[in-house]
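Enquirer: Got a structure for you, questions after.
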Number of protein chains: 2
Amino acid sequence: MKKFMNSVETIVPESLDGFVAAHAGLVALGENRAFVRRARLTTGKVALVSGGGSGHEPLHAGFVGHGMLDAACPGQVFTSPTPDQMLAAAQAVDTGAGVLFIVKNYEGDVMNFDMAREMAPGEVATVLTNDDVAVDSSTYSTGRRGVAGTLVVEKIVGAAAEERRGLTALAALGERVNGATRSIGVALTSCTVPAAGRPTFDIGPDEIEMGVGIHGEPGRRRRAMASADALAGEMVGAIAAELGEDPGEVLLVVNGFAGTPLMELYVMYGAARRLLEARQLRVARSLVGNYVTSLDMAGCSLTVTRLDREMIALWDAPVLTPALRWGM
Amino acid sequence: MKKFMNSVETIVPESLDGFVAAHAGLVALGENRAFVRRARLTTGKVALVSGGGSGHEPLHAGFVGHGMLDAACPGQVFTSPTPDQMLAAAQAVDTGAGVLFIVKNYEGDVMNFDMAREMAPGEVATVLTNDDVAVDSSTYSTGRRGVAGTLVVEKIVGAAAEERRGLTALAALGERVNGATRSIGVALTSCTVPAAGRPTFDIGPDEIEMGVGIHGEPGRRRRAMASADALAGEMVGAIAAELGEDPGEVLLVVNGFAGTPLMELYVMYGAARRLLEARQLRVARSLVGNYVTSLDMAGCSLTVTRLDREMIALWDAPVLTPALRWGM
């Protein structure tokens with residue numbers, strides 16, 4: 001295992017320190033590195049808090065800032081943060097309008113965010129994301145996994161929160177965006193967890209894992225490597241089967257797992273876009289890059305969200321975070 | 001070799017098509033895919049044109065847009081674009097104020113941009129970038145290689161061009177920024193060129209290539225993997241030896257080669273920042289991410305630019321490109 005780190009024990013905190021130093025104008029670190037928060041809060045706005053295991057950067061801390069999250073709690077690699085972290089984050093960023101937790105559907109995260117919600121003195125609601133169509137339950141999840149669609153929920157609900165919508169309305173919007181969003185991933189290689197020191201799973205030189213999870217969880221099937229068009233075909237087919245037959249407008253996110261270069265992500269984008277448009281799903285908005293990663297895994301995921309006018313306006317609204325910024 | 005592609009022959013054009021479709025509001029494709037240009041040109045502004053072999057995405061096409069380039073010419077993987085491409089790009093984006101070529105110092109690129117300059121009917125000047133301190137000459141270059149410092153030149157000169165500065169002044173500014181910029185890279189793995197189908201070089205499980213080029217060219221030495229602090233120490237030492245002893249302000253770019261996750265890049269950022277500040281080089285501006293990549297190589301480079309007031313203002317100026325955007 002070759003990784004840029006000083007030790008397995010310090011890779012997460014040192015990375016966090018570097019992250020906050022590099023983006024000091026936008027974000028600040030909570031006590032004991034329990035969370036990353038906006039450098040400046042907006043009074044009277046519902047505060048959005050997310051978090052989860054580290055190893056998916058820029059998710060979630062990279063999405064802290066105007067138009068998205070107010071705070072993010074980083075756990076150890078692929079390990080939920082603790083309820084104490086979530087509680088500290090909620091208390092630090094709640095300016096009186098309440099807190100919305102955005103939680104990916106993994107048992108540890110769900111349990112810990114639930115405990116934090118019970119402990120919190122203020123009003124807290126939760127949106128659970130479970131956009132991964134690959135499998136119905138998985139290694140760390142009862143029900144579908146929350147993957148890259150989470151960033152779509154964070155962006156759209158984050159924009160609505162800037163408009164001073166209330167907690168109940170934001171939670172409902174989050175449910176609606178999650179319900180309109182489907183994802184599936186494919187791995188060309190395994191990731192390597194620093195503390196394990198070896199690949200999470202074995203995979204042959206011509207094999208891929210279709211439907212892989214963002215922690216290297218098994219997918220639908222191990223299959224032979226195939227052309228970009230064939231892979232995109234299987235992935236778009238799985239997503240479209242869930243999104244329904246109606247024509248409409250969609251957001252297409254092609255998300256790299258960190259080990260795959262942009263050149264290849266744009267090939268997949270082109271392939272997926274053609275397939276969606278052949279199904280009368282017009283790609284009205286797009287995002288291509290490494291946003292919800294899996295340590296050093298080579299591979300990518302496709303996320304498709306059915307858009308309405310409101311969701312397009314909120315997607316287009318200004319955002320200013322370390323990892324996503326436009327309009328300001 | 002597992003890559004998301006339909007064929008070795010089509011990976012570059014299909015990726016370009018996907019890129020332009022994903023960023024249709026910002027960029028457009030020239031005839032025969034000879035170049036990527038801004039969707040909208042600004043009359044009376046000197047046009048900045050760059051280009052080079054593909055495989056370094058988002059460089060250069062990802063930097064086409066307001067505040068940076070007017071056009072970029074993509075070659076085949078790790079192969080210079082042709083003079084015809086550069087000439088077509090220059091003619092397409094020259095609105096009467098002349099064209100500045102920004103060229104990384106590789107023999108093929110230098111020769112072809114020179115030929116294009118001679119063929120161009122309008123006024124053309126050239127800035128050559130050669131920021132890589134690793135070796136004095138290399139596989140494809142006489143003299144030092146141009147690497148990630150090129151994006152610093154493109155950003156700062158691009159901002160100055162928006163202020164309607166003239167061609168001679170912009171060329172001089174480009175020389176000044178390049179002269180204030182030093183880089184060095186390190187590879188943990190080789191890259192794999194699609195047409196070759198196997199890694200460009202062999203490297204052991206505990207070895208790294210210190211001073212690697214962005215095409216996998218040999219660096220200063222093959223050494224054992226070491227801690228992030230030790231690697232950053234060797235790299236910052238090599239850079240600082242060239243930047244001189246004077247205290248001052250710097251821009252620090254930690255650039256991933258595409259196969260290394262953000263978590264590790266931020267560890268390297270923190271380490272490099274501490275080392276620079278111990279040398280009285282205050283890190284006033286920062287950029288961390290995959291910007292000048294080497295196909296799927298795991299590794300990173302450090303780039304340090306000595307900043308003055310003018311350069312800081314131009315770095316901070318609004319930029320709106322597929323890969324870099326702030327302030328608008």
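Enquirer: Pairs, please: C-beta under 8 Å, at least 6 apart or cross-chain, first residue over 18 Å from B:SER15 (Cβ atoms) and within 13 Å of another protein chain (Cβ to nearest Cβ) and in the range B:191-205, second open to solvent by 70 Å² or more (accessible area, probe 1.4 Å) and of a type outside the set (S, T, N, Q)?
Expert: Taking only residues 6 or more apart or on different chains, the pairs are B:ARG198/B:MET1; B:ILE203/B:ARG222.
Enquirer: Does B:LEU314 count as within 30 Å of B:ARG37 (Cα to Cα) and part of a helix (DSSP H, G or I)?
Expert: yes
Enquirer: Which of the residues that make up the range B:56-67 are more than 12 Å from the chain's Cα centre (by Cα) and of a type in the set (A, V, I, L, M, F, W, C)?
Expert: Scanning the range B:56-67 gives a single hit, B:VAL64.
Enquirer: Does B:ASN290 satisfy the criteria of being buried (at least 24 other Cβ atoms within 10 Å of the Cβ), facing chain A (nearest Cβ under 10 Å) and not aliphatic (A, V, I, L, M)?
Expert: Against the criterion (buried (at least 24 other Cβ atoms within 10 Å of the Cβ), facing chain A (nearest Cβ under 10 Å) and not aliphatic (A, V, I, L, M)), B:ASN290 qualifies.
Enquirer: Let me ask something else. Could you look through the range B:298-325, keep only residues that are facing chain A (nearest Cβ under 9 Å) and in contact with a helix residue (DSSP H, G or I) (Cβ under 8 Å, 6 or more places away or on another chain), and pick out the one that is farthest from B:ALA160 (Cα to Cα)?
Expert: Applying the filter and picking the extreme gives B:CYS300.
Enquirer: Yes or no: A:LEU265 open to solvent by 10 Å² or more (accessible area, probe 1.4 Å) and either modelled with pLDDT under 95 or within 11 Å of chain B (Cβ to nearest Cβ) (or both)?
Expert: The answer is no for A:LEU265.
Enquirer: Condition check: out of contact with any strand residue (DSSP E or B) (no Cβ under 6 Å at 6 or more places or on another chain) and either at the interface with another protein chain (Cβ under 7 Å from one of its Cβ atoms) or over 14 Å from A:LEU188 (Cβ atoms) (or both). Does A:ARG285 satisfy that?
Expert: So A:ARG285 does not fit the description; no.
Enquirer: Just checking, does the range A:275-283 include any residue being surrounded by fewer than 23 Cβ atoms within 10 Å (Cβ to Cβ) and β-branched (Val, Ile, Thr)?
Expert: Among the residues of the range A:275-283, at least one is surrounded by fewer than 23 Cβ atoms within 10 Å (Cβ to Cβ) and β-branched (Val, Ile, Thr), which makes the answer yes.
Enquirer: Shifting gears a bit: What is the residue count in the range B:312-328 for residues that are modelled with pLDDT under 95 and either among the hydrophobic types (A, V, I, L, M, F, W, C) or in contact with a Cys (Cβ under 6 Å, 6 or more places away or on another chain) (or both)?
Expert: Of the residues in that region, 1 qualify.
Enquirer: Only one residue in A:ALA97, A:ALA92 is under 18 Å from A:ALA160 (Cα atoms), touching a residue at least 40 places away in the same chain (Cβ under 8 Å) and open to solvent by 20 Å² or more (accessible area, probe 1.4 Å). Which one?
Expert: It is A:ALA97.
Enquirer: Select from the range A:1-42 the residues that are open to solvent by less than 20 Å² (accessible area, probe 1.4 Å), within 11 Å of chain B (Cβ to nearest Cβ), part of a loop (DSSP other than H, G, I, E, B) and touching a residue at least 40 places away in the same chain (Cβ under 8 Å) and list them in ascending order.
Expert: A:LYS3 - this is the single residue of the range A:1-42 that is open to solvent by less than 20 Å² (accessible area, probe 1.4 Å), within 11 Å of chain B (Cβ to nearest Cβ), part of a loop (DSSP other than H, G, I, E, B) and touching a residue at least 40 places away in the same chain (Cβ under 8 Å).
Enquirer: Pull up the range A:253-281, narrow it to residues that are more than 20 Å from the chain's Cα centre (by Cα) and either outside any helix (DSSP H, G or I) or of a type in the set (Ser, Thr, Tyr) (or both), then point me to the one that is farthest from B:ASP296 (Cα to Cα).
Expert: Checked the range A:253-281; the qualifying residue farthest from B:ASP296 (Cα to Cα) is A:GLN280.
Enquirer: Still on this structure, I have one more. Please find, within the range A:134-152, the residue that is farthest from the chain's Cα centre (by Cα) out of those that are buried (at least 24 other Cβ atoms within 10 Å of the Cβ) and in a loop (DSSP other than H, G, I, E, B).
Expert: A:ALA134
Enquirer: Being open to solvent by less than 30 Å² (accessible area, probe 1.4 Å) and within 29 Å of A:LEU287 (Cβ to Cβ) is the requirement here; does B:PRO74 meet it?
Expert: Considered against the rule, which asks whether it is open to solvent by less than 30 Å² (accessible area, probe 1.4 Å) and within 29 Å of A:LEU287 (Cβ to Cβ), B:PRO74 comes out as yes.
Enquirer: Moving on to the next point. Quick one: B:ARG222 ticks every box in (1) within 27 Å of A:PRO13 (Cα to Cα); (2) outside any loop (DSSP other than H, G, I, E, B) bar one, so which box is it?
Expert: Single failed check for B:ARG222: (1).
Enquirer: For B:LYS45, state whether it is surrounded by fewer than 24 Cβ atoms within 10 Å (Cβ to Cβ), under 30 Å from A:GLU207 (Cα atoms) and charged (D, E, K, R).
Expert: It is false that B:LYS45 is surrounded by fewer than 24 Cβ atoms within 10 Å (Cβ to Cβ), under 30 Å from A:GLU207 (Cα atoms) and charged (D, E, K, R).
Enquirer: Same structure, new question: Which one is most open to solvent (accessible area, probe 1.4 Å), of the residues in the range A:184-206 that are farther than 16 Å from A:MET235 by Cα and not in a loop (DSSP other than H, G, I, E, B)?
Expert: Taking the candidates together, the pick is A:PRO199.
Enquirer: In this structure, does B:VAL49 turn out to be among the β-branched types (Val, Ile, Thr), assigned to a helix (DSSP H, G or I) and at pLDDT 95 or above?
Expert: For B:VAL49, the condition - among the β-branched types (Val, Ile, Thr), assigned to a helix (DSSP H, G or I) and at pLDDT 95 or above - is not met.
The values are calculated or read from the model by the stated rules, or taken from the named source; none is laboratory data. Note that the structure is a prediction, hence the values are computed from the model and not measured. All Cβ positions, even for glycine, are placed from backbone atoms using ideal geometry, and neighbour counts span all protein chains on display. Side chains are part of the model used for accessible areas, which takes the heavy atoms of the whole protein and leaves out ligands, DNA and RNA. Shrake-Rupley method; radii C 1.70, N 1.55, O 1.52, S 1.80 Å.
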